[in-house]
Amino acid sequence: MAEGKRPMRPIKLRRGWDIFKAYFSVSFKELEIYDKDFIFGVVAMIIEYIVGILSIFFIFDYIDLLNGWSLSEMLFLYGLNLIGYSLWSSFFINTITLPYYIQRGEFDRLLLRPIAPIIQVMLDGFNDDSWGELLTGLIVFAISWITLDISPLYLLILPIIFLSSCLIYAATSILLSTVSFFTVAKADVANLTMEIKEFAQYPISIYPKVLQFIFTFILPIACVSFIPSAVLFGKLSPWYLPLILIGSLLFFGIAVYIWNKGVKHYGSTGT
Amino acid sequence: MRRILTYIRVEAKLAFISKSTYRAATILSALTNTFLMIIYIYLWKAICASSDGALGGYDLNEMILYILIVKLLKPLYPFGVSQLYGGRVKNGDIANYLLKPVRMEWQLLGNAIGKGCYDLLTNGGPALILSLLFVSSWPRVTASTFFLLFAYVISAYAFVFVFELCIGVISYYTSNLWGVNKLKRSVMSFFAGELLPLTLYPQALLKILRILPFASVYLVPSNIFMGISSEFTLVSFIIVWLFTFVLLTFYGMFSHKITKNIMVYGG
């Protein structure tokens with residue numbers, strides 16, 4: 001290596017890590033300011049997920065199987081979906097607030113900084129109590145895993161499944177937020193990521209073919225919990241798992257590419 | 001009174017115009033809501049198909065009607081009031097509103113009505129189209145049904161508005177309303193039957209819900225529209241107004257006390 005030249009990757013990684021730490025520290029300080037609200041948030045989160053689980057139990061009071069899926073399998077889907085969602089919610093949730101940045105003219109400020117706007121938007125707000133969601137998801141997931149007696153060998157590939165789920169949610173939120181570059185105002189489409197979480201916790205096979213196609217190839221929420229669960233239950237071939245990882249990485253790449261196209265289209269609101 | 005009504009009307013008009021300025025967003029919102037409603041309908045179709053009989057007293061047709069009515073009523077109700085209130089407390093704008101000669105609550109009401117009318121349009125159109133596609137038989141809606149429905153929706157609206165004000169006033173204490181709002185949404189969606197009709201809940205829980213006003217938000221108006229006689233109907237009208245007055249008294253006392261001690265820093 002020639003003198004004076006430094007390897008680029010470690011510097012970029014280190015800089016990225018420093019930026020992440022700085023933003024996270026600011027977010028944490030904000031949390032300390034609003035400590036009472038944080039407690040309300042944690043209580044709300046617990047209630048929200050108890051309610052979600054109770055709803056499944058109430059429905060299964062009336063039915064034995066939902067399209068061939070038992071209560072334990074449904075809880076497994078619920079837990080897996082919640083883990084992917086909470087990972088997204090922890091690191092990427094701020095992408096859905098892009099319309100507010102645009103409407104208030106704050107996006108101009110982000111463009112002037114020497115960091116990619118997408119990174120800045122992501123890091124500008126963490127959902128600090130999502131760790132509680134993650135914990136809830138892990139508990140439900142672990143209980144249903146034991147109940148369903150799934151092979152422990154599959155534990156080795158769980159990080160890949162969790163990563164894919166998170167990437168799919170992240171890509172969906174980035175993709176849907178990009179619409180704001182064209183509409184300026186907040187269209188409900190940006191919140192769709194939070195809404196589709198409700199549908200990803202049910203087997204995709206209950207929907208008609210058109211919706212199944214949309215949920216597999218356009219907004220691939222089938223890859224969040226349905227396909228991985230079907231593989232773990234032996235309903236689908238294990239070859240679907242690497243496909244999910246490749247698919248989620250590809251989907252994330254496409255979302256970032258479209259975001260960058262959206263940034264080029266962006267015209268300030270002049271606010 | 002006339003001055004207040006004019007003020008509410010002007011605020012409502014302003015909120016409506018402000019929301020409808022962005023046409024592309026309006027069209028996309030309508031499309032998104034249509035998409036979500038379709039998914040909900042298919043979800044419940046699958047659940048109903050898996051059950052032997054009616055679910056909580058609802059057959060598939062009634063369940064679809066219930067979903068559409070909930071999707072129609074939800075944006076109509078003033079659920080964003082607390083967030084707006086809390087935002088003003090957080091950024092200090094509350095001082096400007098407290099200085100105005102008309103109470104801020106009227107401004108909030110006008111704003112909520114305007115936004116509600118706009119959202120009703122973006123949700124109402126899709127709901128109407130979907131109901132024509134998915135609802136196989138329509139209930140008989142008479143003038144008295146319509147009048148009763150109107151009375152109950154107004155009552156629920158008043159309750160939700162006062163409930164939202166009470167949540168909003170908490171922001172003086174917490175300075176931020178993110179967590180409180182999340183708590184409110186969870187409680188409201190569960191107790192009001194936004195996710196599932198309350199009749200699907202176990203009997204023990206229904207006993208508690210009978211003395212709470214939340215059933216009036218979605219369940220009772222839906223049942224009135226569908227012509228289903230419900231144990232909730234008569235009592236809920238009294239309960240919802242009782243809770244509204246109790247919450248209003250609490251809000252009046254608390255906001256009066258807190259605005260006396262409020263300190264606004266310049267900026």
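The values are calculated or read from the model by the stated rules, or taken from the named source; none is laboratory data. Everything numeric here is computed off the predicted structure, so don't read it as measured data. Methodologically, a virtual Cβ is constructed for each residue, glycine included, from the backbone with ideal geometry; neighbour enumeration extends over all protein chains shown.
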| remark: Counted residues in the stretch B:17-67 being modelled with pLDDT of 80 or more, part of a loop (DSSP other than H, G, I, E, B) and facing chain A (nearest Cβ under 9 Å) come to 1
| query | For B:G80, all conditions in the list (1) within 14 Å of chain A (Cβ to nearest Cβ); (2) farther than 27 Å from B:L28 by Cβ; (3) surrounded by fewer than 20 Cβ atoms within 10 Å (Cβ to Cβ) hold save one; what is the number of the exception? | reply | (2)
| message | Take the conditions under 20 Å from B:E62 (Cα atoms) and within 11 Å of another protein chain (Cβ to nearest Cβ) and apply them to B:T199. Does it pass? | response | yes
| query | Which one of A:L192, A:L243 is at pLDDT 90 or above and either within 19 Å of A:G79 (Cα to Cα) or assigned to a helix (DSSP H, G or I) (or both)? | reply | A:L243
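So, in the stretch A:59-82, exactly how many residues are hydrophobic (A, V, I, L, M, F, W, C) and surrounded by fewer than 16 Cβ atoms within 10 Å (Cβ to Cβ)? Reasoning before the result, please.
We begin by selecting, within the stretch A:59-82, every residue hydrophobic (A, V, I, L, M, F, W, C); these are A:59-60, A:63, A:65-66, A:69, A:71, A:74-77, A:80, A:82.
Next, only the ones that are surrounded by fewer than 16 Cβ atoms within 10 Å (Cβ to Cβ) stay: A:65.
The total comes to 1.
Restricted to the stretch B:172-191, and to residues that are of a type in the set (F, W, Y) and at pLDDT 85 or above, which residue is surrounded by the most Cβ atoms within 10 Å (Cβ to Cβ)?
Start the filter on the stretch B:172-191 by keeping residues that are of a type in the set (F, W, Y), which leaves B:172-173, B:178, B:190-191.
Now narrow it down to the ones that are at pLDDT 85 or above: B:190-191.
Numbers: B:F190: 23, B:F191: 19.
Per the stated criteria, the residue is B:F190.
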| said: For the condition at pLDDT 90 or above, closer than 25 Å to B:A25 by Cα and among the hydrophobic types (A, V, I, L, M, F, W, C), what is the one hit in B:L120, B:L130, B:L108? | reply: B:L108
| query | Pick from the stretch A:36-72 the residues that are more than 25 Å from the chain's Cα centre (by Cα) and not hydrophobic (A, V, I, L, M, F, W, C): which of them is farthest from the other protein chains (Cβ to nearest Cβ)? | reply | A:S70
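Identify, from the list A:L236, A:L232, A:L211, A:L241, the residue that is crowded, with 16+ Cβ neighbours inside 10 Å and free of Cβ contacts under 8 Å to residues at least 40 places away in the same chain.
On the way: A:L236 fails: crowded, with 16+ Cβ neighbours inside 10 Å; A:L232 fails: free of Cβ contacts under 8 Å to residues at least 40 places away in the same chain; A:L241 fails: free of Cβ contacts under 8 Å to residues at least 40 places away in the same chain.
Just one listed residue meets the conditions, A:L211.
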| field | Single residue of B:I41, B:I47, B:I94 found to be buried (at least 22 other Cβ atoms within 10 Å of the Cβ) and either among the aliphatic types (A, V, I, L, M) or touching a Lys or Arg at 6+ places or on another chain (Cβ under 7 Å) (or both) | value | B:I47
| request: Please verify whether the stretch B:218-240 includes one or more residues that are buried (at least 16 other Cβ atoms within 10 Å of the Cβ), assigned to a helix (DSSP H, G or I) and within 14 Å of chain A (Cβ to nearest Cβ). | output: no
| message | Return the pair list, or none, for Cβ contacts closer than 6 Å from residues in the stretch B:172-191 that are within 12 Å of B:Q83 (Cα to Cα) and within 7 Å of chain A (Cβ to nearest Cβ) to residues that are part of a loop (DSSP other than H, G, I, E, B) and at pLDDT below 80, at least 6 apart or on different chains. | response | B:S175/A:Y34; B:N176/A:Y34
| note | Going through the stretch B:79-100 in order, the residues found to be within 24 Å of B:R185 (Cα to Cα) and either assigned to a helix (DSSP H, G or I) or in contact with an Asp or Glu (Cβ under 6 Å, 6 or more places away or on another chain) (or both) are B:V81, B:S82, B:Q83, B:L84, B:Y85, B:G86, B:G87, B:R88, B:V89, B:K90, B:N91, B:I94
| said: Going through A:I174, A:I157 one at a time, which residue ends up being crowded, with 22+ Cβ neighbours inside 10 Å and of a type outside the set (D, E, K, R)? | reply: A:I174
| task | Only one of these is within 14 Å of another protein chain (Cβ to nearest Cβ), surrounded by fewer than 22 Cβ atoms within 10 Å (Cβ to Cβ), outside any loop (DSSP other than H, G, I, E, B) and not acidic (D, E): B:L128, B:L149, B:L133. Name it. | result | B:L133
